[in-house]
Amino acid sequence: MPQTRRSNAVKYKIIKASSDHELEEEVRKHLMEGWRPLGGVSIVQAEMAFSKVLKFYQAVEKETREDRRRLLEMEDDERDKAELERRLR
């Protein structure tokens, strides 16, 4: 089950799978929902009782409408600040 975290600009999620095929399917589903990969795939080898198990992880991010609006407002504020500084010179 993917874990989701929020940052100021985007939603952030880590997809976890037990096989590379399973990870491919999960990432493909997320891509169709507007998520985009963030970095590469991580593979971890874990010791389980008498065997070794591989776990596959992929971070993804997604910008929401609200996040995009906030980002645009921040950019507008930066432009206003730069314009004011230019005029004061």
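Are any of the residues in the stretch 57-77 exposed (fewer than 14 other Cβ atoms within 10 Å of the Cβ), part of a strand (DSSP E or B) and of a type in the set (Val, Ile, Thr)? Within the stretch 57-77, not a single residue is exposed (fewer than 14 other Cβ atoms within 10 Å of the Cβ), part of a strand (DSSP E or B) and of a type in the set (Val, Ile, Thr). For Glu83, state whether it is out of contact with any Ser or Thr (no Cβ under 7 Å at 6 or more places or on another chain) and within 30 Å of Ser19 (Cβ to Cβ). Against the criterion (out of contact with any Ser or Thr (no Cβ under 7 Å at 6 or more places or on another chain) and within 30 Å of Ser19 (Cβ to Cβ)), Glu83 does not qualify. Annotation: Val60 fulfils all but one of (1) in contact (Cβ under 8 Å) with a residue 40 or more places away in the chain; (2) over 19 Å from Gly34 (Cα atoms); the unmet one is (2).
Beta carbons closer than 9 Å, at least 6 apart along the sequence or on distinct chains, never pair a first residue in the stretch 72-89 that is in contact (Cβ under 8 Å) with a residue 24 or more places away in the chain and over 19 Å from Val10 (Cβ atoms) with a second that is of a type outside the set (Phe, Trp, Tyr) and not in a loop (DSSP other than H, G, I, E, B). Within the stretch 7-30, the presence of at least one residue that is modelled with pLDDT under 90 and of a type in the set (Lys, Arg) is confirmed.
The values are calculated or read from the model by the stated rules, or taken from the named source; none is laboratory data. Computed from a predicted structure; not experimentally measured. Neighbour counts are summed over all protein chains in view; Cβ atoms, including those assigned to glycine, are modelled from backbone coordinates with ideal geometry.
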